[in-house]
Every structure is written in C-alpha cells, then in structure tokens.
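The values are calculated or read from the model by the stated rules, or taken from the named source; none is laboratory data. All values derive from a computational prediction rather than experimental measurement. Every residue, glycine as well, gets a Cβ built from its backbone with ideal geometry; the counts of neighbours run over all protein chains shown.
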Amino acid sequence: MIFSKKETEMKKLILPAIFLATTAFADDPEIVVATAGEFANTWIFSVDQTHPDTGWDHYAYGWRIETQDGTVLGQRLTPHPHVHEQPISRSLHNVRIPDDVDSVFIRSKCSVDGWGEKRFELKLERDK
C-alpha cells in the first residue's frame, strides 16, 4: 500500500497521540502523601493525590479511608477534574476510627476506572 505525503504526515501525528491517550488512561490515581491527626475523639486526614487528569472525560474522583478488612470509615470525593492542579490536596474531618485500629488504608477513585486496587497504608499516632 502506498501512502501520500499528507497521509504519512498525519500518521506521524496520530500514532503518538493514540499512545499518549492510552498511557494516560492506564494510570490509576495515586496517593502521594497522607497525614492524620486525632482531635476530640475524631480524626482529620490530609491527602495528596495525583493522576494524569485529561478533563471531564477522565480524572481523579476522590479517595476513601478503609480498615485492613476494607471497611470504609470515610471518603472525600472530588467530582471535577484538576488538570492543572497536581497533586490534588484535600482533607477530611470528623472520621471516627475504632480504638483497636492502629493503621488505615487510603484507596483512590478514578472517574473512569472506579476504585483502584492499590492502597496507601497510614500508621496512626494516637494521643496518649
């Protein structure tokens, strides 16, 4: 098959764009750093999350706090894209953590792929 110069130039533009799009859509949101503090028998979490947001079609949709067995203790949704704000820094207040829990796990959510498989472990430092 013989391609014209214009067709050849178009392929040079389209193929990298397809590669970049599939690469961006393959990445789950990732928790970069998280902290927690106990205050008045509840917890405040601050979480930085990163994701190659492309706009309304694909973006980091939030995160949740879980116990080891997957029990959800709280969640913070970010129902809009943050293409030019990376990482996304958000907090969640008034999270109740059972007394026997010394670590929690933070799981990210993507607007396309849902809840990710990877979890970020955060060890809790309780007030004495």
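Go through region 95-111 and report how many residues are surrounded by 12 or more Cβ atoms within 10 Å (Cβ to Cβ) and either under 22 Å from the mean Cα position of the chain (by Cα) or part of a strand (DSSP E or B) (or both).
The number of residues fulfilling the criteria is 10.
Just one of the numbered conditions (1) modelled with pLDDT under 90; (2) surrounded by 10 or more Cβ atoms within 10 Å (Cβ to Cβ); (3) on the phi > 0 side of the Ramachandran plot is not true of LYS11; which one?
Status for LYS11: all satisfied but (3).
Name every residue in region 81-94 that is farther than 24 Å from LEU124 by Cα and either touching a residue at least 24 places away in the same chain (Cβ under 8 Å) or crowded, with 17+ Cβ neighbours inside 10 Å (or both), in order of residue number.
Within region 81-94, PRO81, HIS82, VAL83, GLN86 qualify.
Exactly one condition in (1) modelled with pLDDT under 55; (2) of a type in the set (Val, Ile, Thr); (3) assigned to a strand (DSSP E or B) is false for ILE31; which is it?
The one condition ILE31 does not meet is (1).
Looking at ILE44 and the list (1) within 24 Å of VAL104 (Cβ to Cβ); (2) modelled with pLDDT under 95, which single condition is not satisfied?
Unmet condition: (2).
Could you list, in sequence order, all residues of region 53-73 that are touching an Asp or Glu at 6+ places or on another chain (Cβ under 9 Å) and crowded, with 17+ Cβ neighbours inside 10 Å?
ASP53, HIS58, TYR59, ALA60, LEU73
So GLU121 clears everything in (1) in contact (Cβ under 8 Å) with a residue 60 or more places away in the chain; (2) of a type in the set (Asp, Glu); (3) surrounded by 11 or more Cβ atoms within 10 Å (Cβ to Cβ) except one condition, right? Which one?
Looking at each condition in turn, GLU121 falls short on (1).
From the residues in region 112-128 that are more than 12 Å from ASP28 (Cβ to Cβ) and assigned to a strand (DSSP E or B), which one is farthest from the chain's Cα centre (by Cα)?
Per the stated criteria, the residue is LYS123.
Kindly indicate whether any position in region 92-105 is out of contact with any Asp or Glu (no Cβ under 6 Å at 6 or more places or on another chain) and among the small types (Gly, Ala, Ser).
Looking for residues that are out of contact with any Asp or Glu (no Cβ under 6 Å at 6 or more places or on another chain) and among the small types (Gly, Ala, Ser), one finds none in region 92-105, hence no.
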